[in-house]
Structure formats: structure tokens, C-alpha cells
Amino acid sequence: MSVPLQDHLDWLAPRLRGAGHLLIGLDYDGTLTPIVDDPNQALLAPHTRDAVKALSELPNTSVAIVSGRSVHDAYARVGVDGVYYAGNHGLQITGPGVCFLEPTATRIQRPLAWLASALTAGLAHIPGARVENKTLSISVHIRQVAAADKKKVLRHVQAAVAVAPETFRVTHGKEVYEMLPQVDWHKGSAMTWISTHLAKPNTLSLYLGDDRTDEDVFRSLPDAITVKVGEPGTTAARYHVADPFSVHEFLLWLNRVR
């Protein structure tokens, strides 16, 4: 059961100051920015970008943006150099001296393109449904779909993936279905990979995320400081904060502590 982060800052401060190296992982949608009806309008506030940039410039500190968006989309929205970007739920990672592609994901780009085309055609009659081909994964956005039609979208997604269940899997996010390669790799794997790549002694990981896919990180990093953004519900995170505004305030506090 998670507890309010704000109530434990005094206890966490010495641990954060004493870490030899701090790896800060941040989801984008719902964490750095509020959830909006149109994902294209999820724009990062300048003051939050400044907070991320300030943390990335601290000594013995690394920042990773870990998102379901593509690496290029995440970078275009955050726009801070010297930061690691893990896109497509960690299937692709770029950053200082890094260009990683999960091997299985690279081999299914053509089948994934076929799946995206099939979904686009199959969902064309459902208003508000939007298929986004991110090259290594597919998102089907349903936030603008009428409640009565959302089950229809899910049936189309499940039927399309059932054609090749050994190749694709489906995960559910906030008002989105994600089609990913059938491989044991997720956001938690990406955070672990980045930490291993850094190879810094006494590294402490800190991660903030709001979605079901972020639970993979919370479970994968039992020794990390993990923070659920939004209603805690049932989460593997140790702490929770209310919203992206609270995340911004925490990042400012973290900058002062480090």
C-alpha cells in the first residue's frame, strides 16, 4: 500500500542526498503533463521543462523520460539534451552514448505496419477511434470514443491481434490500447537497462508514473523510490502524489535536495 509522498520527504531527503548516483525516471502523459482528450495537445509546461533540465545538469544525476510515445515524439515534447529517452514502453532507448533497439521489436516492424493498417480500416466506422503506428508499437486511442462504442474497439483490437498471438500482445492504458511485440520487455526493463548502462556505484533509482504500464517499473525496482501519480488505488509503488502539479513541486524540491 502506497503512502503520501509529501508526508515522507524528511525521511527521504538523507537517502537522496547520500546516493552516489541518482537515476530519475519520469513518465510523460499524466505525470509531467495532465491527461488531455487529444494526445497531440499534451504539451510540457516551460516551468516543468526547466525543472527537468535543472535536474539533468546536476552532478551524479541522470534523468530518463520513459514513455509509451516514440522516442522522437518524447524528445520533441521534452526537448532537453543529455537525457535518456525510452520510447515505445522502453523498446527503444536513446541518450548520451546510447542507441538501443530491443531485437525482437525490430524484426516485427513489417507485421506491425500490417496490423496498423488492418486496425485503421476496421475502426474507420467508429467515431473518435484513432490508430497511431509508432513503428515499434501501436496505440489505439479511445478517449474520444463514445462509451457505448469502446467495447467494439476492444473487440476489433483483440481480433486483429489474435491473427498472430505469438507475435503481438495487448496492454491497456488510460483510454488507450497498446499493441506491443510478444517479448518480455517493458518500462521496468528499460529502467534496469539504463541503470546497468550507467554502471555507477551506489545508484539509487527514483521513478514517477501514473499508468498501468508504470506498474512494471514499480514491481521491477523493489529498492527504488517509486511514486504513483494520481489516485493510488492498488499499486506496487511505495508513495503517491495527486497530479502533475505535485510532480512539478516535487522536482523542484528534489533539485534543492540534490
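The values are calculated or read from the model by the stated rules, or taken from the named source; none is laboratory data. Just so it is clear, the structure is predicted and the values come from calculations on it, not from any experiment. Glycine gets a Cβ as well: all are built from the backbone with ideal geometry, and neighbour counts include every protein chain shown. The protein model used for the area step is the full one, side chains on, heavy atoms only, and it has no ligands, DNA or RNA in it. Shrake-Rupley method; radii C 1.70, N 1.55, O 1.52, S 1.80 Å.
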### Query
When the Cα centres of segment 135-150 and segment 218-257 are compared, how far apart do they sit, in Å?
27 Å
### Task
Only loop residues by DSSP count here, and only those with at most 16 other Cβ atoms within 10 Å; note down the GluC sites (Glu not before Pro) in segment 165-235 that meet that.
E166, E175
### Query
What percentage of the solvent-accessible surface of segment 108-204, computed with a 1.4 Å probe over protein heavy atoms, is contributed by carbon and sulfur atoms?
55 percent
### Task
With a 1.4 Å probe and every protein chain left in place, tell me how much accessible area H125 has, in Å² to the nearest 10.
120 Å²
### Task
On the full set of protein chains, 1.4 Å probe, figure out the accessible area of R15 and give it in Å² to the nearest 10.
90 Å²
#### Entry: Helix 9-18 vs. the chain, principal-axis angle (Cα, 0 to 90°, nearest 10)
80 degrees
### Query
For the chain, what percent of Cα pairs sit more than 32 Å apart?
21 percent
### Task
Report the dimensions of segment 78-215 along its three principal axes from the alpha-carbon atoms, largest first, rounded to Å.
53, 29, 25
#### Entry: Accessible area per residue, Å², segment 81-204 with all protein chains present, probe 1.4 Å
47 Å²
### Summary
Looks like segment 173-258, by Cα gyration tensor root eigenvalues a ≥ b ≥ c and the a/c under 1.5 rounded cutoff (else prolate when a/b is bigger than b/c, oblate otherwise), is oblate
### Task
Please find, in a Gaussian network model of the chain (springs between Cα atoms separated by less than 10 Å), the residue of L58, L16, L32 whose mean-square fluctuation is greatest.
L58
